[in-house]
Amino acid sequence: MQRRTFLNLGIAGLGTTVAMASPIPVQFIPNPSKEKWAILFGTWYGTSRDASIWISEGMGGIAAVFDIRQVPADLSSYDHLIVGTSIESGKGRKELETYLGANAAKIKDKIRALFVVCGNRGQKPGPQQTTTYVDSYLAKLCQVGTVPSHVFGGRITKSVMPPDVYSSIEKMYQSMNIPLDMDNLSRAECLQFGKEVLAGKA
Ligand SMILES: Cc1cc2nc3c(=O)[nH]c(=O)nc-3n(C[C@H](O)[C@H](O)[C@H](O)COP(=O)(O)O)c2cc1C
């Protein structure tokens, strides 16, 4: 074996060792694109994560997706942003509020769309939820005026919820005859929203 070949194998072997020592969690790896898009989302149990991935898929898979708890400190390499959040007790995650409180002024001119995921007691979200959760809440946090937005239906996923949270929801939903585990997030709606945002007409 030539010395150069040996060295290359040695470095490759080292890379494998490092990768095995600290595995990287599954990530959505965006398709290459001329203009860089990113979706920042806040979630407790994953509905907004899946909505974000499906919105990106509707855009041809070009938008990187970031949980607000893992968002990069520097977003300056992104040209366009979409911000979304799930709702608990009328609000998004504290981390999202904190992040936007500190960074909205820096990123607001890049925000092209907003979305919200909410349970809405099992009913399809409508104009009232857009007013309450987008216009009066998320748009204000983001310091944006009117940008395209969408409110998606939510889920209740027992297997990923702490038992005390689930049982409080369970009691409320049972009293209102709402099915558990509900899943009202529509992949088709997410794909369509992504397509429209990319086309500039959401
Ligand atoms: C503790 C709790 C509080 C909630 N509060 C609201 C609420 O105020 N309004 C609403 O429409 N949905 C509410 N929901 C429903 C969530 O918005 C719905 O489950 C959503 O899919 C959660 O998204 P996530 O999986 O991304 O965390 C609540 C759910 C939980 C568990």
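The numbers here are math on the coordinates, done by the rules we state, and not lab data. Note that the coordinates shown come from a computational prediction; the quantities given were computed from them, not determined experimentally. Note that each Cβ is placed from the backbone with ideal geometry, even for glycine, and that neighbours are counted across all protein chains shown.
General observations
- Nearest-0.05 FRET efficiency for Ser89 and Lys171, computed from C-beta distance (R0 25 Å): 0.95
- Alpha-carbon centroids, the stretch 76-126 and the stretch 37-64: separation in whole Å: 12 Å
- Cross-link partners of Lys94 among aspartates and glutamates (Cα-Cα below 15 Å; sequence separation of 8 or more within a chain): Asp67
- For the stretch 95-202, the spherically averaged projection of the C-alpha convex hull amounts to 7.9 nm².
- Nonlocal amide H pairs with Phe66, under 5 Å, H built at 1.01 Å: Ile39, Leu40, Phe41
- Candidate lysines for bridging to Lys171, where Cα separation is under 20 Å - those fewer than 8 sequence places away on the same chain excluded: Lys158
- Karplus (6.51, -1.76, 1.60) ³J(HN,Hα), θ = phi - 60°, over the stretch 100-110, in Hz, Gly and Pro reported as x: 5, x, 8, 10, 4, 4, 6, 9, 4, 6, 9
- Taking the helices alone, the chain has a mean residue ellipticity at 222 nm of -11500 deg cm²/dmol, built from -39,500 (n - 2.57) per DSSP H run of at least 4 residues and averaged over all its residues.
- In the chain, Rg over Rh equals 1.08, where Rg is the alpha-carbon radius of gyration and Rh the Kirkwood radius from pairwise Cα distances.
- Nonlocal amide H pairs with Gly61, under 5 Å, H built at 1.01 Å: none
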